[in-house]
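Asks: There's a structure below that I have some questions on.
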Amino acid sequence: MKKGFKSGFVAIVGRPNVGKSTLLNQVIGQKIAIMSDKPQTTRNKIHGVYTTDEMQIVFLDTPGIHKPKSKLGDYMMKSAESALSEVDAILFLTDVSEALGGGDRFIIERLKKVDTPVFLVLNKIDKVHPEDLLPVIEQYSALYRFAEIVPVSALHGNNVNTLLEQLSRYLPEGPMYYPADQVTDHPEQFVCAELIREKILLLTRDEIPHSIAVEIESMRTEENGVVHIGAVIYVERQSQKGIVIGKNGSMLKEVGKLARLDIERLLGSKIFLELWVKVKEDWRNRESVLHTLGFRED
């Protein structure tokens, strides 16, 4: 390892749907966190690993900080807030195309309780005129003294390299925690389940998203090299099961088709994907089910 090598952990926090997962995927260079236009898409802390010859940054893409409405929501909030105390820097991501609101102020009040350097990352600059940025910066700066302020477009990659360069100045010298070619510490099953859930978010109605969970029940490689994956999609009500399956199975087939393409890119192999839909009533408020699905406090 090169002398003077830097490494550290960086949390990405912000309101739901400001582009945290988009930023993480842009930095890593491939999809490891799912994306959706629906709030509260991310439920777990997603660890993404960015490595160069000079540094390694382990990013934590946290669930959007919000007022919880279920035990799952409680878990998501605790997961997001716990990240603030275990990192070397925090990226507070905001959407500059939307006005500073109560959710942003709520997060800033929590940031005031930590000693960690906080970057204000103004995302979605491609949606506003450059002259409109200064008033936004002044608004946020009046509420908190940020270590750095960086405007970016996570979707298009604008200024993301600048953000990484500035982050490197705040990292301590340290070891390489993960192999240089590793981009996430989550097992393949977790990422596969998330990719399936992403396609359901993309295709189903507004009543479905937060009622969905996906569990990989089996994953094995056949003699011909094809990876066989069996996954269960959990919903909370019988009516939701019908929506996810669709007329003559059409919705489920489309979910499988789209998910298979992403999973094949992830694994670098052909896959055979089997999907089942099961009802677990009110699973978001049942701790035993949440634990089975991997939602545990650290």
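The values are calculated or read from the model by the stated rules, or taken from the named source; none is laboratory data. Since we're looking at a predicted model, the values are computed, not measured. No Cβ is skipped: glycine too gets one built from the backbone with ideal geometry, and neighbour counts run over all protein chains shown.
Asks: Here are some residues: 144, 178. Which one is touching a helix residue (DSSP H, G or I) at 6+ places or on another chain (Cβ under 7 Å), under 29 Å from residue 115 (Cβ atoms) and aromatic (Phe, Trp, Tyr)?
Replies: Numbers: 178 fails: touching a helix residue (DSSP H, G or I) at 6+ places or on another chain (Cβ under 7 Å).
Just one listed residue meets the conditions, 144.
Asks: Has the range 21-40 got at least one residue that is at pLDDT 85 or above, assigned to a loop (DSSP other than H, G, I, E, B) and within 29 Å of residue 129 (Cα to Cα)?
Replies: no
Asks: For the range 143-161, does any single residue satisfy the condition of being assigned to a helix (DSSP H, G or I) and either surrounded by fewer than 16 Cβ atoms within 10 Å (Cβ to Cβ) or among the aromatic types (Phe, Trp, Tyr) (or both)? Lay out the reasoning, then the answer.
Replies: Keep residues of the range 143-161 that are assigned to a helix (DSSP H, G or I), which gives 160-161.
Next cut, either surrounded by fewer than 16 Cβ atoms within 10 Å (Cβ to Cβ) or among the aromatic types (Phe, Trp, Tyr) (or both) only: 161.
Yes - at least one qualifying residue is present in the range 143-161.
Asks: Right, something else. All but one of (1) crowded, with 17+ Cβ neighbours inside 10 Å; (2) out of contact with any Leu (no Cβ under 8 Å at 6 or more places or on another chain); (3) in contact (Cβ under 8 Å) with a residue 40 or more places away in the chain hold for residue 216, so report the exception by its number.
Replies: Looking at each condition in turn, residue 216 falls short on (3).
Asks: Okay, next question. Looking for something modelled with pLDDT under 90 and not assigned by TED's automatic domain parsing to the domain that holds residue 197 - is there at least one such residue anywhere in the range 88-100?
Replies: The initial filter retains those residues of the range 88-100 that are modelled with pLDDT under 90, namely none.
Scanning the range 88-100 turns up no residue that is modelled with pLDDT under 90 and not assigned by TED's automatic domain parsing to the domain that holds residue 197.
Asks: Within the range 171-179, identify whether any single residue is surrounded by fewer than 19 Cβ atoms within 10 Å (Cβ to Cβ), modelled with pLDDT of 85 or more and either of a type in the set (Asp, Glu) or not in a loop (DSSP other than H, G, I, E, B) (or both), and answer yes or no.
Replies: yes
Asks: Can you confirm whether residue 274 is over 17 Å from residue 201 (Cα atoms) and in contact with a helix residue (DSSP H, G or I) (Cβ under 9 Å, 6 or more places away or on another chain)? It would help to see each step written out before you state the result.
Replies: On the way: over 17 Å from residue 201 (Cα atoms): yes; in contact with a helix residue (DSSP H, G or I) (Cβ under 9 Å, 6 or more places away or on another chain): yes.
So residue 274 passes the test.
Asks: Something else: Suppose we keep only residues that are over 16 Å from residue 167 (Cα atoms) and polar (S, T, N, Q) within the range 90-122. Which one would you say is surrounded by the fewest Cβ atoms within 10 Å (Cβ to Cβ)?
Replies: 97
Asks: Does at least one position in the range 192-202 carry a residue that is without any contact (Cβ under 8 Å) to a residue 60 or more places away in the chain and within 21 Å of the chain's Cα centre (by Cα)? Walk me through it before giving the result.
Replies: Applying the first criterion (without any contact (Cβ under 8 Å) to a residue 60 or more places away in the chain) to the range 192-202 yields 193, 200.
Imposing the further condition that a residue be within 21 Å of the chain's Cα centre (by Cα) reduces the set to 193, 200.
Yes: one or more hits.
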